Each structure stands twice: as structure tokens, then as C-alpha cells.
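For reference, the structure is listed below as C-alpha cells.
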Amino acid sequence: MGATDRTRGASKIDKFETGHDVALSLRPDVPVYCFRPAVLAADAKAFMERFPGKTAYAVKTNSEHFVLKALVDAGISAFDVASPGEFAAVRAVSKDAELLYMHPVKAQSDIRLALETYGVREMSLDHEDEIAKILRIVRALDLDPTSMTLFVRLQTKGSAAYELSKKFGAAPAHAVELLQRIERLGFKVGIAFHVGSQIGDPKIYERALASADWVRNRAAVPLTALDVGGGFPAAYGIDPRRGEPQMPELPDLMAELRREIEEWEFSDLPLIAEPGRVIVARSLSVIVRVLLKKGRRLYINDGIWGSLSDSWTGKITLPARLILDPARRRRSGSADKLVPFKVCGATCDSVDILSRPFWLPETADTGDWVEIGHIGAYSLSLRSRFNGFYPDTFVEVATPFEEEEGPQAFAAIETMAD
Ligand SMILES: *Cc1c(COP(=O)(O)O)cnc(C)c1O
């Protein structure tokens with residue numbers, strides 16, 4: 001794979017028209033990530049145009065250098081960060097991007113680093129002891145508290161594909177106390193919530209806004225901003241047996257969110273959103289190779305410890321496409337018939353088997369490639385070096401995955417028996 005370099009800094013990246021071209025010209029034995037910069041720019045701009053406030057990209061979704069750089073180029077100037085590694089990743093692409101440190105539970109040393117070295121002036125919290133930690137550093141550095149906004153993260157309840165509210169967030173009455181304490185100490189005061197990821201029901205934002213309204217009225221302190229978090233759903237694959245997924249489209253969801261913001265009288269307040277998945281999911285695919293076909297099992301060169309960790313993708317139908325190896329002359333089965341294959345990962349670990357079947361043409365065989373689409377969010381960011389495998393080859397592709405030729409296959413949500 002000498003021809004394809006890492007997409008870091010000055011290193012060169014090979015460009016192709018389609019994923020099909022990538023597979024056939026490189027004939028890769030290692031997983032290859034296909035980055036589609038035009039798709040990323042389009043999805044980032046679509047979000048920014050529709051959200052009536054500041055867009056702070058959630059860096060944990062995908063913190064690759066070239067992704068962050070493309071986002072800055074697309075006009076994103078604020079980033080939701082949670083760790084020193086993320087502060088540095090953003091600074092490496094932009095000297096003046098705004099960093100919002102929205103992890104409610106922070107190490108004292110990281111708070112100092114954020115304030116002293118990275119110029120962070122916005123942080124979230126959900127407990128009084130976190131206020132004490134922040135105050136200690138603010139005083140040690142002799143910072144003016146009025147230069148900082150502290151956001152109280154509210155507890156939310158709802159039906160996201162991935163619930164995060166069980167872990168963080170203050171109950172409403174507690175949030176009221178926190179807001180008042182922050183104000184007494186001289187900080188600017190904000191309210192934040194994060195409803196989870198890949199949310200399916202727009203009403204979830206309404207419930208969060210109703211709760212924010214209750215807290216605001218009880219606290220009766222001047223507010224500087226409202227941060228509505230992330231959770232906006234990305235487009236994924238279609239399982240023809242289930243039909244189109246019942247996910248709200250971004251324009252509809254945004255229209256609903258704007259209506260609710262208006263109704264709960266938050267529209268005069270500066271707003272912030274922290275989208276992750278909805279911005280990056282579509283911008284990357286991964287081309288994996290079938291190392292061996294054994295009956296209805298496919299052994300591939302990636303897996304749950306690589307870019308297909310089921311913790312984030314198991315509840316989502318991923319689009320996929322089979323790319324036949326022209327070197328294989330004889331094939332059995334029908335090219336038009338999709339059948340479920342059990343997919344086994346590259347490591348020797350017996351848990352490295354994907355929990356859901358890949359529905360691919362029956363002709364799939366050893367040596368073929370599968371391009372798995374829309375894996376830009378929470379997949380390559382979760383890959384590990386387990387067993388010595390670490391997918392890290394990148395190319396650029398011009399055509400959006402869903403516009404490429406060839407029958408659409410998919411990785412279904414259901415689990416399969418042996
Ligand atoms: C993970 C996270 C996000 C991004 O969530 P998406 O579902 O990817 O939009 C935003 N805000 C916070 C606080 C997060 O933890």
C-alpha cells in the first residue's frame with residue numbers, strides 16, 4: 001500500500017472517483033477509508049444553515065486531523081471538546097477556533113490546561129464540587145470570572161438510540177441551585193443539555209426545553225446562552241424488508257426544534273448546538289476485504305476492534321456494497337439475490353464477530369471487497385490496536401457512497417443465529 005499515505009499535514013492522499021475504483025486499482029488487503037470531503041462540507045454547511053445559533057462540532061465523533069481541517073475550511077469555528085487530546089487536535093488545525101469544554105466531570109489539571117494554555121472560557125458541569133474545582137483554578141490564574149460562561153448540564157429523559165442522560169446531568173431543583181451559585185460567584189450563566197445520540201423523536205427536544213424553561217424560571221438569574229447539545233440523526237442504510245427507516249429528516253427536525261425554541265421563549269438567547277454524527281457519518285466509508293469465505297461466513301480484515309465496533313453501530317442499518325474481484329472467474333449463486341452472511345473480524349478473539357448479518361449478493365466470495373458506507377461517526381474513532389491490527393489507510397473519493405453504481409446491500413440490525 002505504498003501509494004496511499006496517511007492524510008496528515010503535508011502527506012499526499014490518493015484521489016479516486018469511486019470506491020469501486022479504489023478497490024480495483026489498489027486491490028487492498030488492509031481496510032481502506034474513503035474520505036469524501038465534498039460530502040463532509042455539504043453536511044456541515046447544511047447543519048449550519050439550518051441551526052439558528054452557533055455550531056460547535058463534537059470532536060469525539062471523529063477527531064482525525066483531515067476531518068477537523070475540512071470542517072474549519074467549511075466554516076466551523078467552534079468545537080465541543082472533552083480532553084487535552086481533543087484540545088490539541090483542534091488547535092492543530094486552527095489557532096483561533098473556539099473550544100467549548102463541555103465534559104461535566106473534569107480533572108483539575110485538565111481545567112488548568114484548558115484555561116491557561118488553550119484559552120477555554122466555556123465549560124459545563126452538573127455538581128457544586130465541579131464549580132469549586134473550576135473556581136480554584138480561576139483564582140490561581142487570577143482570571144476574571146465574568147469572562148467565563150459556566151453551563152449547568154440538565155438531566156434529560158427520552159428515546160435516543162444511545163442514552164447518555166443516565167450518566168450526566170443535574171435534576172431540575174439541583175440545577176436551579178447550581179445556576180444561582182454560579183451567578184453569585186460572578187460567572188456568566190448558561191444552560192446545557194444533551195439528549196443522546198441518533199434521536200428518533202423530535203419531541204425529545206421539546207421535553208428538554210420544557211425542563212430548561214422550568215429551571216430558568218425558578219433560578220431567576222440572567223442567562224447568557226442555551227446549549228441544546230447534539231443527537232441529530234444521520235442518514236444510514238435501508239433494509240428493504242423494513243422499508244425506509246422512520247428517522248426524522250434534518251430539515252423537519254430543525255423546523256420542529258426552531259418551533260419549540262420559539263414556543264418556550266428561548267429565541268432571544270444565543271443558542272449553541274453540538275452536532276457530531278449528523279455532520280460526519282456520511283463522509284467516510286471503509287473498504288474491507290473478504291479474506292475467506294466459509295459457507296455463509298465471511299472472514300474480513302476489519303472487525304469490532306477496528307472500525308466496526310458494535311457498541312456504536314449495532315443499532316444502525318449500515319449501507320454496504322459488494323465489489324467483485326475480477327480475478328475470480330467462477331462464482332456460484334445469483335448476483336441479484338441478497339443473502340445474509342455472518343461476518344467474522346480480523347482478530348483471533350472469538351467475540352470479534354459482528355452481531356448483525358451483512359446482506360450481500362449470493363456470489364460474494366474470497367478476495368472480494370465490501371465497501372461499508374456512512375461510517376464517519378463513532379467507528380474509526382473507536383478503533384484499537386488489538387492483536388496488532390490497526391486500519392489506518394486513507395484515500396479521497398469524489399462520488400457520494402449512495403450515488404455509486406451497483407446494488408445496495410446492507411448490514412441489518414437484527415442479530416443472527418449460528
Ligand atoms: C457525544 C456528544 C455530542 C455529539 O452527539 P451526536 O449524537 O454525535 O450529535 C454532543 N454533545 C455532547 C455533550 C456529547 O457528549
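All of the numbers you see were taken from the coordinates with simple rules; none came from a lab. These numbers come from a predicted model, not from an experiment. Because the Cβ atoms are built from the backbone with ideal geometry, glycine has one as well, and the counts that use them run over all protein chains shown.
Specify the inter-centroid distance of the stretch 365-395 and the stretch 36-104, based on alpha-carbon positions, in whole Å.
The distance from the Cα centre of the stretch 365-395 to that of the stretch 36-104 comes to 22 Å.
Say a site is exposed when it is one of the GluC sites (Glu not before Pro), sits in a DSSP loop, and has at most 13 other Cβ atoms within 10 Å; what is then the longest site-free stretch of the chain?
Working: sites that count: 17, 249, 265, 405, 414.
It works out to 18-248.
Once a ≥ b ≥ c are taken as the square roots of the eigenvalues of the Cα gyration tensor of the chain, is the result rounded (a/c under 1.5), prolate (a/b larger than b/c) or oblate (a/b not larger than b/c)?
Numbers: a/c = 2.30, a/b = 1.86, b/c = 1.23.
In terms of gyration-tensor shape, prolate.
Using only Cα atoms, figure out Rg for the stretch 201-249 and give it as a multiple of 2.2 N^0.38 Å.
Numbers: Rg = 16.7 Å, N = 49, 2.2 N^0.38 = 9.7 Å.
The value comes to 1.73.
Considering Cα pairs under 8 angstrom that are at least six residues apart, work out the relative contact order of the stretch 52-274 and quote it in whole percent.
The value is 18 percent.
Give, as a single signed number, the net charge of other residues whose beta carbon lies under 12 Å from the beta carbon of residue 280, with Lys and Arg counted +1 and Asp and Glu -1. Numbers along the way, then the final one.
Values: positive: 36, 60, 277, 282; negative: 43, 64.
Residues close to residue 280 contribute a combined charge of +2.
For the stretch 215-283, which trypsin sites (Lys or Arg not before Pro) are both in a DSSP coil and crowded by at most 13 other Cβ atoms within 10 Å?
On the way: sites: 216, 218, 241, 242, 258, 259, 277, 282; in loops: 241, 242.
Answer in residue order: 241, 242.
Give me the distance between the Cα centres of the stretch 294-353 and the stretch 201-220, rounded to whole Å.
So the separation of the two Cα centres works out to 44 Å.
Can you give the local net charge around residue 369? Use residues other than it whose beta-carbon is closer than 12 angstrom to its beta-carbon, Lys and Arg +1, Asp and Glu -1. If you can, show how the numbers build up before the last one.
On the way: positive: 27, 289, 321, 328; negative: 21, 29, 302, 325, 365, 368, 371.
Summing Lys/Arg as +1 and Asp/Glu as -1 gives -3.
How would the stretch 52-274 be classified by its alpha-carbon gyration tensor: rounded, prolate or oblate, with rounded meaning a/c under 1.5 and the a/b versus b/c comparison settling the rest? Kindly include the intermediate steps, with their values, before the conclusion.
Working: a/c = 1.94, a/b = 1.25, b/c = 1.55.
Note, shape of the stretch 52-274 comes out oblate.
How far, in nm, would the chain grow between residue 403 and residue 77 when pulled straight, counting 0.36 nm per residue and subtracting the alpha carbon separation? Present the calculation step by step, with values, prior to reporting the outcome.
Numbers: separation 326, 0.36 × 326 = 117.36 nm, distance 2.98 nm.
The span from residue 403 to residue 77 would gain 114.4 nm if fully extended.
Using Cα-Cα distances under 8 Å and only pairs 6 or more residues apart, what relative contact order does the chain have, in percent? Please report the intermediate quantities before stating the final value.
On the way: 924 pairs, mean separation 89.2, N = 418.
Taking the mean separation of contacting Cα pairs over the length of the chain, I get 21 percent.
Round to the nearest 10 and give me the degree value, 0 to 90, for the angle of helix 128-140's Cα axis relative to the longest principal axis of the chain.
80
Just for the chain, what percent of DSSP beta bridges are antiparallel, to the closest 5? Before the final figure, lay out each step's value.
Numbers: 29 of 64 bridges.
In the chain, approximately 45 percent of DSSP beta bridges are antiparallel ones.
Residues of the stretch 42-60 with the amide nitrogen closer than 18 Å to a label point 7 Å from the Cα of residue 263, along Cα-to-Cβ, please.
52
Springs between alpha-carbon atoms under 10 Å, Gaussian network over the chain: tell me which of 406, 243, 119 tops the mean-square fluctuations.
With Cα springs under 10 Å in the chain, the top fluctuation among 406, 243, 119 is at 243.
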